[in-house]
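The values are calculated or read from the model by the stated rules, or taken from the named source; none is laboratory data. Because the structure is a prediction, the values reported are computed rather than measured. Glycine gets a Cβ as well: all are built from the backbone with ideal geometry, and neighbour counts include every protein chain shown.
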Amino acid sequence: MLAIRIRRRKAVALATAAVLAGLAAPSLSATEATATTSTATATASDYDSTYYKDAVGKTGADLKSSLHTIISDQTKLSYSAVWDALRTTDQDPADSGNVILLYSGLSRSKSLNGGDSGDWNREHVWAKSHGDFGTSTGPGTDIHHLRPEDVRVNSVRGNKDFDNGGDGFTDGGGSLTDSDSFEPRDAVKGDVARMIFYMAVRYEGGDGWADLEVNGSVDNGSSPYIGKLSVLKAWNDEDPPDAFEERRNQVIYDSYQHNRNPFVDHPEWVEAIW
Ligand SMILES: [Ca+2]
Ligand SMILES: [Ca+2]
């Protein structure tokens with residue numbers, strides 16, 4: 001809580017500074033003006049009066065319910081269409097022929113998708129066995145939580161819950177694992193947390209799918225839960241949304257599902273709900 005309060009004060013100060021800078025230098029673009037406030041609500045202002053209009057100002061169950069209604073209005077992809085979508089959403093900013101693999105951080109050719117060693121495949125960050133949704137059109141094809149990953153690293157993660165601790169492994173990029181949990185590398189800890197929180201809000205038991213929820217456990221097995229809540233909240237704070245994650249959210253909104261991950265736009269909404 002303390003860290004969040006400090007950050008909010010800082011955000012207000014930065015936003016004020018940005019406004020002043022804008023007055024002093026009218027040529028400053030909106031993108032430049034908000035670049036230093038990536039953790040602030042200012043980054044989402046374009047959507048607060050439109051997309052998020054019914055959610056802004058709410059907290060707790062009311063906020064969760066509002067966001068659920070908003071983000072459930074979406075286009076759904078087939079599992080085969082996910083391959084091409086990930087080539088765009090997860091493109092390496094430094095090499096348009098490659099995608100970035102989530103946990104390993106490696107850059108790999110877009111054409112090396114498949115199931116063999118050295119290929120990348122479709123990692124379900126919300127493990128599909130937690131709620132048993134498989135790969136039918138629905139949560140199993142929702143690209144807000146689907147990411148390219150090395151076939152072997154995907155298998156190391158398996159269906160483990162998320163927690164701190166464990167040992168490194170080949171091509172893990174600094175990610176760790178032990179017998180009952182997985183810890184992503186630092187640069188994507190917040191990304192992982194915000195994907196999990198998106199899934200918990202998007203899937204509330206409708207349309208024949210399980211009500212996915214975050215809890216405090218690391219032995220959820222096939223129950224429709226993912227842990228560990230306290231750790232995921234900390235990761236959301238420690239690793240605020242960056243340019244890659246924000247672009248990804250925008251591409252999904254503009255070109256594929258036409259819904260947004262509210263926690264990429266408003267990371268402080270995690271604390272407001274949980
Ligand atoms: Ca990140
Ligand atoms: Ca839920």
### Query
So which of Val192, Val201 is within 16 Å of ligand 1 (Cβ to nearest atom), modelled with pLDDT of 95 or more and either outside any helix (DSSP H, G or I) or buried (at least 20 other Cβ atoms within 10 Å of the Cβ) (or both)?
Val192
### Task
State the number of residues belonging to region 59-79 that are under 18 Å from Gly205 (Cβ atoms) and not in a helix (DSSP H, G or I).
4
### Task
For residues that are farther than 15 Å from Pro224 by Cβ and touching a helix residue (DSSP H, G or I) at 6+ places or on another chain (Cβ under 8 Å), tally how many sit in region 130-154.
10
### Query
So which residues in region 146-159 are surrounded by 22 or more Cβ atoms within 10 Å (Cβ to Cβ) and either in contact with a Ser or Thr (Cβ under 6 Å, 6 or more places away or on another chain) or in a loop (DSSP other than H, G, I, E, B) (or both), if there are any at all?
Asp150, Val153
### Task
List the number of the failed condition for Arg108; all other conditions in (1) more than 25 Å from Pro262 (Cβ to Cβ); (2) charged (D, E, K, R); (3) in contact (Cβ under 8 Å) with a residue 60 or more places away in the chain hold.
(3)
### Query
Of the residues in region 172-189, how many are surrounded by fewer than 23 Cβ atoms within 10 Å (Cβ to Cβ) and over 16 Å from the mean Cα position of the chain (by Cα)?
8
### Residue tally, condition in contact (Cβ under 8 Å) with a residue 24 or more places away in the chain, more than 20 Å from Thr137 (Cβ to Cβ) and exposed (fewer than 15 other Cβ atoms within 10 Å of the Cβ), over region 67-98
1
### Message
Just the residues that are within 12 Å of ligand 1 (Cβ to nearest atom), surrounded by fewer than 19 Cβ atoms within 10 Å (Cβ to Cβ) and assigned to a helix (DSSP H, G or I), please, taken from region 224-244.
### Response
Glu238, Ala243, Phe244
### Task
Return yes when Arg122 is out of contact with any Ser or Thr (no Cβ under 9 Å at 6 or more places or on another chain), charged (D, E, K, R) and touching a residue at least 40 places away in the same chain (Cβ under 8 Å) and no when it is not.
no
## Note on the structure
Of (1) touching a strand residue (DSSP E or B) at 6+ places or on another chain (Cβ under 7 Å); (2) under 20 Å from Glu149 (Cα atoms), Arg185 fails just (1)
### Task
Could you look through region 160-171, keep only residues that are in a strand (DSSP E or B) and away from ligand 1 (no atom under 16 Å from the Cβ), and pick out the one that is surrounded by the most Cβ atoms within 10 Å (Cβ to Cβ)?
Asp161
### Query
Does Gly221 qualify as being away from ligand 2 (no atom under 16 Å from the Cβ), part of a loop (DSSP other than H, G, I, E, B) and farther than 24 Å from Glu271 by Cα?
yes
